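Okay, structure first, notes after.
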Amino acid sequence: MKGNKYNIRVAYGSIGVILFFILLIVKLTNTYFSLDIKDSDLITFKGELIDVKKLSDGGVKKNYYYELKLKGRNNTFQINGLSYDLLSDNDLNSIFMIGHQFEISTTQDELLISENKRLKDIVLNKIFIWREKPNVFQLKANHTLYFNIQDYNTEKKEAAISNLKWGIPISIFAIAFFGLMGYANWKTRFEYN
């Protein structure tokens with residue numbers, strides 16, 4: 001009887017893991033087919049750069065990002081993830097200088113999240129500190145365009161394709177493995193009854 005309860009737990013655990021990997025597949029495909037950010041979605045802020053910080057997340061494989069503050073704006077903007085990847089190392093060393101004129105474009109959604117006006121944002125911004133700083137989707141400094149929204153959307157699609165390339169096969173393998181394990185344990189339950 002004790003083995004029977006164990007087999008049932010393994011079967012239910014397998015179902016839970018299978019559901020997780022199905023949701024992962026849905027999320028990966030959703031990311032790929034998500035709508036691109038359009039030029040009309042962008043809000044652009046112009047001004048003199050008064051503060052810049054290069055930071056890292058402190059992990060084993062450090063991910064670097066920049067925090068920028070423009071004169072006359074309360075927001076601190078960040079260049080991270082895909083936006084950071086769009087800048088070459090040469091760009092990074094030369095453009096972030098105090099006093100340069102910047103045009104930074106972000107979305108209304110990013111600004112709304114950073115302003116902490118909704119309860120959901122207040123709670124999530126305390127947990128995920130990076131949400132308090134709007135992400136930059138288009139960057140122009142001293143009349144030179146370093147990346148635009150089309151570049152960002154292309155980079156986003158390439159990242160989604162890479163995630164699909166690895167995520168779908170691994171998820172299908174996990175679903176098959178845990179499906180067989182769950183089936184074997186469920187079948188064992190009925191053989192001993």
Next on the checklist: I need the full set of residues from segment 35-55 which are modelled with pLDDT of 90 or more and open to solvent by 70 Å² or more (accessible area, probe 1.4 Å), in order please.
Outcome noted: Lys46, Ile50
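I'd like to check something: does segment 56-63 contain any residue that is open to solvent by less than 40 Å² (accessible area, probe 1.4 Å) and not in a helix (DSSP H, G or I)?
Within segment 56-63, the first condition is being open to solvent by less than 40 Å² (accessible area, probe 1.4 Å), and the residues that meet it are 59.
Of the ones still in play, those that are also not in a helix (DSSP H, G or I) are 59.
So far as segment 56-63 goes, yes, one or more of its residues are open to solvent by less than 40 Å² (accessible area, probe 1.4 Å) and not in a helix (DSSP H, G or I).
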Checklist entry - How many of the residues in segment 143-168 are over 17 Å from the mean Cα position of the chain (by Cα), farther than 19 Å from Leu111 by Cα and open to solvent by less than 70 Å² (accessible area, probe 1.4 Å)? => result 4
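The values are calculated or read from the model by the stated rules, or taken from the named source; none is laboratory data. From a predicted model like this one, the values you see are computed outputs, not experimental measurements. For accessibility, only protein heavy atoms count, side chains too; no ligands or nucleic acids. Shrake-Rupley method; radii C 1.70, N 1.55, O 1.52, S 1.80 Å.
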